[in-house]
Structures are given as structure tokens and as C-alpha cells.
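Enquirer: Supplied in C-alpha cells, the structure appears directly below.
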Amino acid sequence: MELYAARVSESAEYIRRNIAESPTVLVMAGTGLGDCATGVSRVRMFEYVALPHFPKSTVESHAGQLVVGRFGGKTVAVMRGRFHLYEGYSPGEVVFPIRVMQTLGVRTLIITNAAGGLNLNFQGGDIMVMTDHINLTGENPLEGPNHDAWGLRFPGMVDAYDPALRVLALDAGRALGAELREGVYAGLKGPSLETPSEMRFLRIIGADAVGFSTVQEVIAARHGGMRVLGLSVITNLCDPDQPENATVENVVAAAGKAAIRLETIIEKVVAHGT
């Protein structure tokens, strides 16, 4: 843990030396959603490969860039791409950026993802405000020795997704003329997609959407005392009675179509709720 913490500090210090002002908000963009914060101004951009100890993003639709600038009247950091367990990364590597941002003083995480819709009332292109999650990855970033400076040994997860931020996101959607969905996100390890029986199981246990990211980062963020808003773009429906094989290309395309609406919602949340 000492080595890990030292690497976090080194990466944070490198970023701090190269920016004018530390961010207070982190926007983490999911698959196909790297353009959901194009309005960031006074930008300082870092390639992940240039940041000390940062993992390398291997997913084609993830640009692998950290952008720091002004957005919604605040200094924000935007991660254009994230890391996944299915890439072979450990939970500690997946949440490494969360710890770096915590060290820099970030207090709010806005995390987005592309997800399959298990709730058959949803439609492709819907944006779901996450009310909760179910961690089915079999992994947890808090396993092992606790670093007390980052958070409690046994952090509560009752309000993992901040109720006030959720209300702001829903209001921002209505202002756009879009009624956002609300629901529970099931996080799987991947990369194989769900079988029809798995889809039925996920629906039975209360999941409205499913994907391969987000839960590790949210656990670490809540451990670190951050407020969290989770936004899922529903790219396809997972109907066990009419199953279809989703392709990465279709998921990226569907997510990309929602990026502009997502950016407007995020900007309003940043401006009024962080």
C-alpha cells in the first residue's frame, strides 16, 4: 500500500505542477462518450501515457487523455477513457485515477457509461440517472490494507449516488425536453456479453441496466468522500426473449449520438451542484 500511495502522490504532483488551478470535479467519460465535455475551455491536456504510473487505455473508443480546464464555471478534470477489469487491470489500477484526483482535491465525480438496457420500458438513446448499483464483478478496490488517509475501513454505500445531484440531472434533462430515466446499474466483469439467462437473472435482482465499468470507481470515490453522479447511456436493449448480439461499433455509435445532450446535463450539474 505504501508503494501504491507513493505512486498516487507522484502522479498527482506531476499534474499539479502543470496546471494553473486544481480541479474540484472529475468527469469520467465512458465508451463512445469522450466528447461529452467538448465545451471545456482554457485546456491543459495530458496523454495517459505521459502521466507517471497511469495505466494505458487499451479500448479503441477510449482516447486515453486527461483534460483540465474550465467548464460550467468550475475547474474540472475530464477523463476521455477509463480502465476496465476485463483489460486485465487490477481493481487498484482501475481506480488509480480516482485516488490521484482525490489527492488533487476533487470532491465530486460525474461518471458516465454506455450500458445495455434491461428495463424493457427503456429505449436505445435514453439517459439513465443511476440510483444504485449491484457489484457482480467479484472484485473490490478496497480489498487489502486500508489507507486511512483516504477513507474509512468500512465505508457506507447507502447513498452511493448523491440524491441532490440526481435531482439536478433530472431537472437538467427536463429543461432539454428529455425525461431522463432512473434505475439500478449492474456492473459485470466482462468482456463477454450477457446470455439470455443472465439477462433474466439481472432483471430479477432489480437491475435496469448492465455494463462493464463504473462500480470500482464509485466505491473508491465514496471511500474518499466524493459525491457521485452516475449517468448511463442506454445503447441497446437486453431482452432475453428477443436477444440480439450487440456490437462494439453499434454501442459506440449509439453513445456518441447522446454525447451532446449528456454534455448539457453535466454542465448544468457542474454549474449548480458542485
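Enquirer: Between ALA5 and SER90, what is 0.36 nm times their sequence separation minus the Cα-Cα distance? Round to one decimal in nm.
Expert: Working it through step by step, the gained length comes to 29.1 nm.
Enquirer: I need the per residue convex hull volume for the stretch 12-152, using only the alpha carbons, in cubic angstrom as a whole number.
Expert: Here the figure is 139 Å³ per residue.
Enquirer: Within the chain, which whole H helices from DSSP have a Cα span along their axis of at least 15 Å and a mean Kyte-Doolittle hydropathy of -0.5 or more, if any?
Expert: Details: long enough: 2-17 (22 Å, -0.64); 163-175 (18 Å, 0.64); 248-273 (34 Å, 0.70).
Both cut-offs are met by 163-175, 248-273.
Enquirer: Taking only C-alpha pairs under 8 Å that are 6+ residues apart, what is the relative contact order of the stretch 2-273 in percent?
Expert: About 27 percent, as a whole number.
Enquirer: Run the paramagnetic zone check for ASP239: 7 angstrom along Cα to Cβ, then residues of the stretch 102-131 with backbone nitrogen under 16 Å.
Expert: Residues 116-126 qualify, since their backbone N sits under 16 Å from the label point.
Enquirer: In addition: Subtracting the Cα-Cα distance from 0.36 nm times the residue separation, let me have the gained length for ILE134 to SER197 in nm, one decimal. Walk me through the numbers before you get to the answer.
Expert: Numbers: separation 63, 0.36 × 63 = 22.68 nm, distance 1.73 nm.
Contour length minus the Cα-Cα distance gives 20.9 nm.
Enquirer: Which of LEU3, VAL233, LEU85 sits closest to the plus end of the dipole of the chain, meaning its Cα is farthest towards the positive end, when Lys and Arg get +1 and Asp and Glu get -1 on the C-beta?
Expert: Toward the positive end, the furthest listed residue is LEU3.
Enquirer: Any idea what the alpha-carbon Rg over 2.2 N^0.38 Å comes to for the stretch 166-249?
Expert: Numbers: Rg = 14.7 Å, N = 84, 2.2 N^0.38 = 11.8 Å.
Compactness ratio reported: 1.24.
Enquirer: Could I ask something else about it? Just to be sure I understand the model, the point goes 7 Å from the Cα along the line to the Cβ. What's the resulting THR38 to ARG16 distance in nm?
Expert: Each label point lies 7 Å from its Cα, and together they span 3.5 nm.
Enquirer: Fewest first, what order do THR112, THR235, THR58, THR264 take by the number of other Cβ atoms within 10 Å?
Expert: THR58, THR264, THR235, THR112
Enquirer: What does the charge dipole of the stretch 2-273 about its Cα centre add up to, to the nearest 20 debye, if the Cβ of each Lys and Arg holds +1 and the Cβ of each Asp and Glu holds -1?
Expert: Its charge dipole is roughly 880 debye.
Enquirer: Taking the chain as a Gaussian network, Cα atoms linked when under 10 Å apart, which of TYR86, TYR185, TYR48 shows the biggest mean-square fluctuation?
Expert: TYR86
All of the numbers you see were taken from the coordinates with simple rules; none came from a lab. Only a predicted model underlies this, so the values are computations on that prediction, with no experimental measurement involved. Ideal geometry is used to build each Cβ from the backbone, glycine not excepted, and the neighbour counts take in all protein chains shown.
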